[in-house]
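Contents: one structure, followed by commentary.
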Amino acid sequence: MKHLLSNNKQTGLRVLLFSAAVALIAALTLLNGCGIEKTDNRKISDLNYELVEEENTPEELKKKIEEKKAADFKLTYESDNYLYIVRGYGEQETGGYSIQILDFYLTQNSVVFHTNLIGPSKDDIKNTAPSYPYLIVRLENPDKNVIFQ
């Protein structure tokens, strides 16, 4: 009887050690997979792009812009092998606004798109109706996330 009891203790200990080892391996595997990707915001190169006029904008993108244009918005859209980047500044009291691209470049992990809204000068205010300034650029799709600044 003593012999059976010690075998049961040994079997129980083995099962406990095996279970602990499996749990440790599972925890290490999960921790290893849940890392934070390091972002390297150093500029690799400037990007070649083209400004897109409304008549050359894909219909689906036009609809998305129309839905969002009343508020400040940032939007990306992929079509064929192109990436469209849209920056809108929402409703403005008058016309005469323009958007300046301050920086547009590629990093190791992303595309950085930095723009600025330029208001009209007092001489430029000819249209007192509200306006919805936005800018669309198109480039070959780099398959990277876009960071708006």
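Against the criterion of solvent-accessible heavy-atom surface with a 1.4 angstrom probe, ARG87, ARG138 sort, most first, into ARG138, ARG87. Stretched out straight at 0.36 nm per residue, the stretch from ASN141 to ASP80 would grow longer than its current Cα-Cα span by 21.1 nm.
Extension gain for the segment ALA71 to ILE44, taken as residue separation times 0.36 nm less the Cα-Cα distance, is 6.5 nm to one decimal. Couplings 3J(HN,Hα) for segment 61-69, derived from phi with the Karplus relation 6.51 cos²θ - 1.76 cosθ + 1.60 (θ = phi - 60°), are 5, 4, 5, 5, 5, 4, 5, 9, 5 Hz, where x marks Gly and Pro.
If eta is 1.002 mPa s and T is 20 °C, what Stokes-Einstein diffusion coefficient results for segment 43-110, Kirkwood Rh from Cα pairs, in µm²/s? After rounding, the answer is 155 µm²/s. Cross-link reach is defined here as a Cα-Cα straight distance under 16 Å, omitting same-chain residues fewer than 8 places apart; for LYS64 the aspartates and glutamates meeting it are GLU53, GLU54, GLU55, ASP72, GLU78, GLU91.
Coupling constants for segment 128-137 follow from the phi torsions by the Karplus curve (6.51 cos²θ - 1.76 cosθ + 1.60, θ = phi - 60°), and in residue order they are 8, 6, x, 10, 10, x, 8, 10, 10, 10 Hz; glycine and proline get x.
The values are calculated or read from the model by the stated rules, or taken from the named source; none is laboratory data. Owing to the predicted nature of the structure, the values given are computational and were not obtained by experimental measurement. Surface accessibility is based on the protein's heavy atoms, side chains included, excluding ligands, DNA and RNA. Shrake-Rupley method; radii C 1.70, N 1.55, O 1.52, S 1.80 Å.
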